[in-house]
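Remarks on the structure that follows.
Readers should treat all values here as calculations from the given coordinates under stated rules, not as data from a laboratory. Since this is a predicted model, take the numbers as computed values, not measurements. Every residue, glycine as well, gets a Cβ built from its backbone with ideal geometry; the counts of neighbours run over all protein chains shown.
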Amino acid sequence: MREIDPNKCIDFILENAGKYAAAKGELAQLETFKSSLKAIMMQKSGEQTIGAQEREAYACQEYQDLCKAIGLATENAEKLKWELEAARLRHATWQTLEVSNRNQDRILK
């Protein structure tokens, strides 16, 4: 097993926490805007019925682009989330190994 540097794990978490927060914020903003865009596009629609307006709103390019952006933002946030979790787990593994090594040293003395 390769050597684990606990400081690098912690540094990684600290360096990427802001990026993760920004990614989650972007995702929340896009999700919130989704309803607004639908309402805007329904209002612009020349259709009279709510169902037809809704169909037009969902079919417009802007709405489709927003859905793609939500997908990319979700991917980015999830990637960062799991990178941070991996760093946390590496640190936890290091702690466990250190305790085991200390116990082993006590037994051998």
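For T96 and Q64, compute 0.36 nm times the residue count separating them, minus their Cα-Cα distance, and round to one decimal in nm.
Full-extension gain reported as 6.7 nm.
Of the listed peptides 58-66, 83-91, what is their order by residue-averaged count of other C-beta atoms within 10 Å, with the highest listed first?
For the peptides 58-66, 83-91, the packing ranking is 83-91, 58-66.
Could you run the Karplus curve 6.51 cos²θ - 1.76 cosθ + 1.60 with θ = phi - 60° over segment 90-105 and give me ³J(HN,Hα) per residue in whole Hz, x for Gly and Pro?
4, 5, 4, 5, 4, 4, 5, 5, 5, 5, 4, 5, 5, 5, 5, 4
Specify which residue in the list A22, Y63, F33 is farthest towards the positive end of the charge dipole of segment 6-108, using unit charges on the beta carbon of Lys, Arg (+1) and Asp, Glu (-1), about the Cα centre.
It is A22.
So what J values fall out for segment 21-27 if you push phi through Karplus, 6.51 cos²θ - 1.76 cosθ + 1.60 with θ = phi - 60°, rounded to Hz, Gly and Pro as x?
4, 5, 5, 5, x, 4, 4
What ranking do 71-78, 12-19, 102-109 get when scored by the average of other Cβ atoms within 10 Å per residue, highest first?
71-78, 12-19, 102-109
With a Förster radius of 22 Å, plug the Cβ-Cβ distance of A52 and T32 into 1/(1 + (r/R0)^6) and report the FRET value to the nearest 0.05.
Once rounded, the FRET efficiency stands at 0.30.
When the helices in the chain are scored as -39500 (n - 2.57) per DSSP H run of 4 or longer and the sum is shared across all residues, what 222 nm value do you end up with, to the nearest 500 deg cm²/dmol?
Mean residue ellipticity, 222 nm, calculated: -32500 deg cm²/dmol.
In sequence order, what are the phi-derived ³J(HN,Hα) couplings for segment 9-19 according to the Karplus relation 6.51 cos²θ - 1.76 cosθ + 1.60 with θ = phi - 60°, rounded to whole Hz, with x for glycine and proline?
4, 5, 4, 4, 4, 5, 5, 9, 4, x, 5
Using 0.36 nm times the number of residues separating D5 and K19, minus their current alpha carbon distance, what extension gain do you get?
So the chain would gain 2.8 nm between D5 and K19.
Rounded to the nearest 20 Debye, what is the dipole magnitude of segment 6-108 about its Cα centre when Lys and Arg each give +1 and Asp and Glu each give -1 at the C-beta?
320 debye
Given the pairs K8/K109; K8/K81; K19/K68; K38/K79, which span a C-alpha to C-alpha distance of over 22 angstrom in this model?
Exceeds cut-off: K8/K109; K38/K79.
Please work out which option in (i) -0.39, -1.20; (ii) -0.25, -1.04; (iii) -0.52, -0.98 gives log10 I(q)/I(0) by the Debye sum over Cα atoms at q = 0.10, 0.20 Å⁻¹ calculated from these coordinates, and answer with its label.
Identified label for the calculated read-out: (iii).
Leaving out same-chain residues fewer than 8 places away, which aspartates and glutamates sit with a Cα under 15 Å from that of K44?
Straight-line reach from K44, under 15 Å: E54, E56, E62.
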